[in-house]
Amino acid sequence: MFVNVDAVDDSANFPEQVDVVVIGGGIVGTTTAYELACRGVSVALLEKGLIGGEQSSRNWGWVRQQNRDMFELPLAMHSLDRWEALSGEIGRDVGFRRSGIVYTTDNPASLAKWEAWGEKARAHGFNSQLLTAEQAHDKAPGTTSRWIGGVWSPTDGHAEPSMACPAIAAGARERGAYIHQNCAVRGLDMTAGRISGVWTERGLIRTASVICAGGAWSSRFCRRHGVELPAANIMGTTLQTTAGPEVTPGCLTTPKVALRRRLDGSYTLAMPGFGRVEISPQGLRYATKFYAAYRSKLAKKLQIRAGRSFFRGPEAAGRWEFDQVSPFERQRILDPAPDMAQARAALAGLQAEYPALKGVHIARAWGGMIDTTPDMVPVISPVDAIPGFTIASGFSGHGFGIGPAAGQLAADLVTGATPVVDPAPYHLERFAKGSRIRQPEMM
């Protein structure tokens, strides 16, 4: 089932030459194009399907700093500021509301972990509040659970995935960016060892700088040019309920379910950590780099299955010539089937937690594909082997929330501006052969 996403008008003209080409019209690609256009850089944003059509409209909509990996926290903090400013700058609502995020628990180990995380986060200038049992229940009243406490981040918030990317892309177009959908980039044109353009299904665009923000497709695009971007694509399931009473004004995670109150009074709902990984050539290629991740508890809720990914899609094998139809054109929009058993379990968990929501139903459910790195920290990095080529991908399910800062960092890297945050933790070379890979620190 293809998710709903606001429509975006393409630019009237197709460019012959630009300063920068951005591949991929998700949250990272659109914010990168927007930031570049605001600086007066000539930029073309090219999307093989529809703006926001894949994971950027299929995520939970959370915009959080709480419980981020410490390497990601600076990006997350800056992103909150950008999210708050974007609607005013663009003149369009991106759905952002700074309503706070609550985590609750019945496990003393979780409280201890949140407390330890909070101490480290304060060194970065971020403060959250550890909650007693009474305070946790006050933040989201009406539950049947006996929580022993929680954590509250009042400056966190949420945005509306169906609205955000289209609004930002429209803002970029109004500032001079070229926006073209249903226009796949087939590959890089190279001259004397560096980028001189991109080959698209509509022909060549001359450029000296390319940013690959293709999400689940980035690794396959990079391999076509001999660049190794270790990634595993995790299929997740999310659902929207019918409208119901308010149990939280924003986002809430309980031991049973994660939910977000939507602008129309319904809820976005999911089961944290659950997903499916299909056996594929890409997965086998990078299996050893994911050893630490698969051994961690983060992988305990993942199902590993055989499926179509072995033969078709972003993880399949095979080459193509730039004058031939590419894999990106054969599958314009990744639309994996949702796991309806998981969706029903999420709804049952919500209703067991909140009897006031016994009357809500599943309005629709959808699947998404989450591009994930071995340490669950994104790659926002120039590629040393190909001058002019930059990757902004592998956001591991966090891209929507940290997308605006990631886009600003990518724009900084290609223009030579002072980086908004230290880019070192996001460099591609941390996955080079022989390098020790950190175990993921996500909570």
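Please give the calculated 222 nm ellipticity per residue for the chain, where each DSSP H segment of at least 4 residues contributes -39500 (n - 2.57) and the sum is spread over every residue; nearest 500 deg cm²/dmol?
Values: 11 runs with 117 residues, N = 443.
That comes out to -8000 deg cm²/dmol.
Hey, got the dipole for the chain? About the Cα centre, +1 on K and R Cβ, -1 on D and E Cβ, debye to the nearest 20?
Values: 47 positive and 42 negative charges, 270 e Å.
That gives a dipole near 1300 debye.
Normalised by 2.2 N^0.38 Å, where N is the number of residues, the C-alpha radius of gyration of the stretch 34-98 stands at 1.30. The stretch between Asn107 and Glu134, if pulled fully straight at 0.36 nm per residue, gains 8.2 nm over its current Cα-Cα span.
Nearest 5 is fine: what % of DSSP beta bridges in the chain come out antiparallel, could you say?
Values: 46 of 68 bridges.
The answer is about 70 percent antiparallel.
For the stretch 322-339, putting each phi into the Karplus relation 6.51 cos²θ - 1.76 cosθ + 1.60 with θ = phi - 60° gives couplings of 6, 9, 10, 4, 9, x, 6, 7, 6, 9, 4, 9, 5, 9, x, 5, x, 8 Hz, in residue order, rounded to whole numbers and with x for Gly and Pro. The solvent-accessible area of Cys38, taken with every protein chain present and a 1.4 Å probe, is close to 70 Å².
Spatially close Lys pairs in the chain, defined by Cα atoms under 19 Å apart and a spacing of eight or more places or different chains, total 11. Residues in the stretch 363-372 carry Karplus couplings, in order, of 7, 6, 9, 8, x, x, 10, 9, 6, 10 Hz; the curve used is 6.51 cos²θ - 1.76 cosθ + 1.60 with θ = phi - 60°, and Gly or Pro positions show x. For Ala270, the amide hydrogen comes within under 5 Å of the amide hydrogens of Ala258, counting only partners 5 or more places away or on other chains and with H modelled in the peptide plane. With all protein chains in place and a 1.4 Å probe, the accessible surface of the stretch 169-325 carries 53 percent carbon and sulfur. Hey, if you drop one equal point scatterer on each alpha-carbon of the stretch 127-191 and run the Debye formula without solvent, what base-10 log of I(q)/I(0) do you get at q = 0.15 Å⁻¹? So the normalised log intensities work out to -0.70. Between amide H atoms placed 1.01 Å from N, distances below 5 Å from His124 occur with no residue 5 or more places distant or on a separate chain. For Gly100, nonlocal amide neighbours, meaning residues 5 or more places apart or on other chains whose placed amide H falls under 5 Å from its own, are Asp156, Gly157. Against the empirical 2.2 N^0.38 Å (N residues), the stretch 80-151 has a Cα radius of gyration ratio of 1.41. Nonpolar atom fraction for the stretch 346-443, defined as the carbon and sulfur part of the 1.4 Å probe accessible area, stands at 54 percent.
Please calculate how many Å² of accessible area the chain carries per residue, with a 1.4 Å probe and no DNA, RNA or ligand atoms counted.
38 Å²
In terms of its Cα atoms, the stretch 160-222 spans 43, 27, 19 Å along the principal axes, sorted from long to short.
Which of rounded, prolate or oblate describes the stretch 335-443 when judged by the alpha-carbon gyration tensor and an a/c cut-off of 1.5?
Working: a/c = 2.80, a/b = 2.35, b/c = 1.19.
Note, shape of the stretch 335-443 comes out prolate.
Taken over the stretch 62-194, the convex hull of the Cα atoms encloses 193 Å³ per residue.
Taking the Cα centre of the stretch 312-355 as origin, sum charge times position over the Cβ atoms of Lys and Arg (+1) and Asp and Glu (-1), and report the length of that vector in debye to the nearest 20.
The dipole of the stretch 312-355 has a size of about 100 debye.
Stokes-Einstein, applied to the Kirkwood radius of the chain over Cα pairs at a viscosity of 1.002 mPa s and 20 °C, places its translational diffusion at 98 µm² s⁻¹.
Working note: Karplus 6.51/-1.76/1.60 with θ = phi - 60° gives the stretch 238-247 the couplings 9, 9, 10, 8, 6, 5, x, x, 7, 10 Hz, where Gly and Pro are set to x.
Give the Rg/Rh ratio for the stretch 169-259, taking Rg as the radius of gyration of the Cα atoms and Rh as the Kirkwood radius, to two decimals. Walk me through the numbers on the way to the answer.
On the way: Rg = 20.1 Å, Rh = 17.4 Å.
Here Rg/Rh amounts to 1.15.
The values are calculated or read from the model by the stated rules, or taken from the named source; none is laboratory data. Predicted model only: the values in this text are computed from it and were never measured. Here Cβ is always computed from backbone atoms with ideal geometry, including for glycine, and neighbour counts include all displayed protein chains. With ligands, DNA and RNA removed, areas are computed over all heavy atoms of the protein, side chains included. Shrake-Rupley method; radii C 1.70, N 1.55, O 1.52, S 1.80 Å.
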